[in-house]
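Data block below; observations after.
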Amino acid sequence: MTDKYAVIGNPIGHTKSPLIHATFARQTGQDIDYLAIEGEIGHFAENVETFRRDGGRGMNVTAPFKLEAFDYATDLSEQARLAGAANALKFEGGRIFAQNFDGVGLTRDIVSNLAFTMRGRRVLLLGAGGAARGAMLPFLNERPAKLVLVNRTVSKAQALFEQFKPYAEGDFSWCSYSELAEAAEPFDLVVNATSASLRGELPPVPVGVFASGGVAYELAYGKGLTPFLKRAQDAGAAQLADGVGMLVEQAAESFEWWRGVRPETATMIRTLTVPLR
Ligand code: ATR
């Protein structure tokens, strides 16, 4: 029998998830159906229950429902608990298991696909919202020599720092953008986990943070050379990446969690890549 899965979000028209999962299913010989569902604001739980009653086995969850998915779950993974949000659900009898694969997918893309070893390197993370929170544990698990959090609202950077301090082995700190400019210190990897690029804005990141030979990673995908990536390029960063690899890798994590087989991701990443220009 064909097993049913779906992605739920609002809006959902732009989603690449059905294409990604249908491709994974063909590639691995799994018999699944994967839909896109436009969830109704304020009715997330009812929408999910309807899908479960229709035989749904699992869901990916995207904006704006990741916090509601977290609340709806009966069983949270450690990563979901620490991220305070869920992007994947699995239904088994009356239990609802929740995971958050965003940060794991991001980290896998950086470490495996871009072949950037985080261990022992200097990493700067811009932003302290949901996307940054999801990246914290997977990043710290890679044991960078130094991890600095910077956010426009500094109290949020500090709160994130306090939450994750127990998991840090290397040099871990937070600061404001003006302190970052004063320090004029280069980083091997700079990750833009702010939502600035969604509105074509540039987070106030000083040019001096991009080490020559370093990597600049933009979490938004399909937006070409965003103001952040342009600044990194102008500053001499050697490698620029957007979040297409993260998108495909988090999908692969969900697929493996549901189906027990790991799909190949490189072909899908190539298919979805929009040139950075
Ligand atoms: P997401 O789930 O995408 O992380 P979010 O939780 O709303 O979204 O967080 C957005 C993040 O982007 C925040 O860290 C925000 O900074 P503030 O906490 O100061 O609001 C950051 N952000 C958004 N626009 C920005 C801009 N133009 N410059 C710098 N940071 C920006």
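Residues satisfying the criterion are absent from region 192-206 (criterion: closer than 13 Å to L149 by Cβ and either open to solvent by 60 Å² or more (accessible area, probe 1.4 Å) or charged (D, E, K, R) (or both)). A count restricted to region 131-158 and to residues that are over 20 Å from Y217 (Cα atoms) and surrounded by 15 or more Cβ atoms within 10 Å (Cβ to Cβ) stands at 3. If you filter region 222-277 down to residues that are within 23 Å of N87 (Cα to Cα) and modelled with pLDDT under 95, you find that the one that is most open to solvent (accessible area, probe 1.4 Å) is K223. Only one of the listed residues (G127, G170) is modelled with pLDDT under 95 and touching a Pro at 6+ places or on another chain (Cβ under 8 Å). That residue is G170.
Residue-by-condition table, conditions (1) more than 16 Å from the ligand (Cβ to nearest atom); (2) touching a helix residue (DSSP H, G or I) at 6+ places or on another chain (Cβ under 9 Å); (3) closer than 18 Å to A232 by Cβ; (4) open to solvent by 60 Å² or more (accessible area, probe 1.4 Å):
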{"position": "Q163", "(1), (2), (3), (4)": "no, yes, no, yes"}
{"position": "P166", "(1), (2), (3), (4)": "yes, no, no, yes"}
{"position": "L180", "(1), (2), (3), (4)": "no, yes, yes, no"}
{"position": "F187", "(1), (2), (3), (4)": "yes, yes, yes, no"}
{"position": "V190", "(1), (2), (3), (4)": "no, yes, yes, no"}
{"position": "V209", "(1), (2), (3), (4)": "no, yes, yes, no"}
{"position": "V215", "(1), (2), (3), (4)": "yes, yes, yes, no"}
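I'd like to know if region 113-125 contains one or more residues that are within 16 Å of the ligand (Cβ to nearest atom) and assigned by TED's automatic domain parsing to the domain that holds G213. Within region 113-125, one or more residues are within 16 Å of the ligand (Cβ to nearest atom) and assigned by TED's automatic domain parsing to the domain that holds G213. Candidates are the residues of region 100-112 that are of a type in the set (A, V, I, L, M) and more than 8 Å from the chain's Cα centre (by Cα); the one that is farthest from the ligand (Cβ to nearest atom) is V111.
The values are calculated or read from the model by the stated rules, or taken from the named source; none is laboratory data. Quantities reported herein were computed from a predicted structural model and do not represent experimental measurements. Positions of Cβ are backbone-derived with ideal geometry, glycine not excepted, and every protein chain shown enters the neighbour counts. For accessibility, only protein heavy atoms count, side chains too; no ligands or nucleic acids. Shrake-Rupley method; radii C 1.70, N 1.55, O 1.52, S 1.80 Å.
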